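Scroll down for the structure; my scribbles are underneath it.
The values are calculated or read from the model by the stated rules, or taken from the named source; none is laboratory data. All values derive from a computational prediction rather than experimental measurement. Here the Cβ is made from the backbone with ideal geometry for all residues, glycine too, and neighbour counts use every protein chain on show. Just the protein is used for accessible areas: all its heavy atoms, side chains included, with ligands, DNA and RNA removed. Shrake-Rupley method; radii C 1.70, N 1.55, O 1.52, S 1.80 Å.
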Amino acid sequence: MASSSAMKKVACAVILCIVMTAPYATAAMTCGQVSGNLGPCITYLKGAPGPSALCCAGIKRLNGMAQTPPDRKTACGCLKSAAAAISGLNYGLASGLPGKCGVSIPYPISPSTDCSKVN
């Protein structure tokens, strides 16, 4: 049978490993996640008569994911990149989209937004 001292050392090592790796367990937000959540919104942003339920669900999910300043900066940059790649996008509709879905974000959705200043 293993000694009590050895068991305590193993338990301490396991706890230390858990504590040290916990901050890395959740991945940072990616542009793929941003695009995936906002994909259903493209038809509205090109002039369809209102955001779909899938679009608003994506907006809400994305807002819930972007809880830290680095995640919000990433989301902002991804939004700008995606918007620049889509022709025919109505930026007026884009800026009002979060509000139409009942979400408040701490920066305007605009090609002129400086994402480095997003907190």
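The single residue among A6, A28, A13 that is out of contact with any Gly (no Cβ under 7 Å at 6 or more places or on another chain), outside any helix (DSSP H, G or I), modelled with pLDDT under 90 and farther than 17 Å from I109 by Cα turns out to be A28.
The residues of the range 97-119 that are closer than 19 Å to L54 by Cβ and either β-branched (V, I, T) or open to solvent by 30 Å² or more (accessible area, probe 1.4 Å) (or both), listed by number, are G99, K100, G102, V103, I105, I109.
Does K80 satisfy being open to solvent by 60 Å² or more (accessible area, probe 1.4 Å), charged (D, E, K, R) and more than 23 Å from T43 (Cβ to Cβ)? Answer is no for this residue. In the range 80-109, the residues that are among the aliphatic types (A, V, I, L, M) reach residues that are loosely packed, with under 13 Cβ neighbours inside 10 Å and in a loop (DSSP other than H, G, I, E, B) with C-beta atoms within less than 8 angstrom, at least six apart or across chains, in these pairs: A83/P111; A84/P111; L93/G47. Looking only at the range 52-76, residues that are in contact (Cβ under 8 Å) with a residue 24 or more places away in the chain and touching a Ser or Thr at 6+ places or on another chain (Cβ under 9 Å) come to 6 in all. Scanning the range 47-60 for residues being in a helix (DSSP H, G or I) and either open to solvent by less than 30 Å² (accessible area, probe 1.4 Å) or at pLDDT below 95 (or both) gives a total of 4. When A85 is tested against the conditions (1) more than 14 Å from the chain's Cα centre (by Cα); (2) open to solvent by less than 50 Å² (accessible area, probe 1.4 Å), the lone failure is (2).
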